[in-house]
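Some notes on the structure that comes next.
Quick note: the coordinates plus some simple rules give every number you see, no bench work behind them. These numbers were taken from a predicted model, which means no experiment stands behind them. Quick reminder, even Gly has a Cβ in these numbers, built from the backbone with ideal geometry, and neighbours come from all protein chains shown.
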Amino acid sequence: MQLVDRALAGLARQLGDPTGFAGRLVGRVLNRGNRSLVVAAVAAMECRPTSDVADIGFGGGVGLDILLDREGTVVHGVEMSETMLAEARRRFANDIARGRLRLYTGRMESLPLDDSALDAIISTNTVYFVPDLAAALRELARVLRPGGRLVLGIGDPDQMTKMPFTRHGFRLRPVGELVSAIREAGFVQIEDRRVGEGRRAFHLLVCDLPVI
Ligand SMILES: C[S@@+](CC[C@H](N)C(=O)[O-])C[C@H]1O[C@@H](n2cnc3c(N)ncnc32)[C@H](O)[C@@H]1O
């Protein structure tokens, strides 16, 4: 039992901060498993072709890949995992050289980006690992332009509670609590769209800042 617990704790740690060889494997599994959620998150951005967009906590890089398909956009990727950053630098070397992709080491709670730098942000399966959610949401609002859009993707908290690894450090906040915190950070319109089938469907929280 202790062994199983240790394995689950290790998996939870890797999901929250993919590191080394195991982290690279986790990144690839995430790319496959989360692709449909990330495709829906990118579609929900509804951005003009010429815009600055970001994926915060991009993990294995599936979101960067999909965002880079949109010619004319400049894509910004922020990660705290050096393993995921190194993978992205290798995989997207051409896009970085062409100035289409900028990668940064950083955390959602303290973003290495200027005020009003972005038109839209996606961040999927990340907020479970963020202790200070209010600080993170303030940062996301700060780096977006007036009228900018944040698309947050999360698993359904009730379903995720049933996954044994989430007992090891995941913060599974109820959707209503998340929506209140997002509103508190200054977003005015927040829509909860479901992606997938049945109770296991993900939540896409599509959040707009006021235009001013
Ligand atoms: C479960 S993975 C999700 C990756 C990807 N967004 C996806 O949906 O497949 C979580 C990622 O968030 C990153 N992460 C965790 N805490 C973070 C934070 N405070 N700020 C930015 N990224 C963070 C981790 O390094 C990891 O790569």
Taking the conditions exactly as written (surrounded by 20 or more Cβ atoms within 10 Å (Cβ to Cβ), in contact (Cβ under 8 Å) with a residue 12 or more places away in the chain and of a type in the set (A, V, I, L, M, F, W, C)), does Leu172 satisfy them or not? no
Of all strands (runs of 3 or more DSSP E) completely enclosed by the stretch 14-108, which ones contain at least 1 residues that are surrounded by 19 or more Cβ atoms within 10 Å (Cβ to Cβ) and near the ligand (Cβ under 10 Å from one of its atoms)? 52-56, 74-79
Quick one: which residue in Leu85, Leu101 is in contact with a helix residue (DSSP H, G or I) (Cβ under 6 Å, 6 or more places away or on another chain) and of a type outside the set (Val, Ile, Thr)? Leu101
Report yes if Gly155 is small (Gly, Ala, Ser) and within 14 Å of the chain's Cα centre (by Cα), otherwise no. yes
Within the stretch 95-113, work out how many residues are farther than 17 Å from Val42 by Cβ and in contact with a strand residue (DSSP E or B) (Cβ under 9 Å, 6 or more places away or on another chain). 12
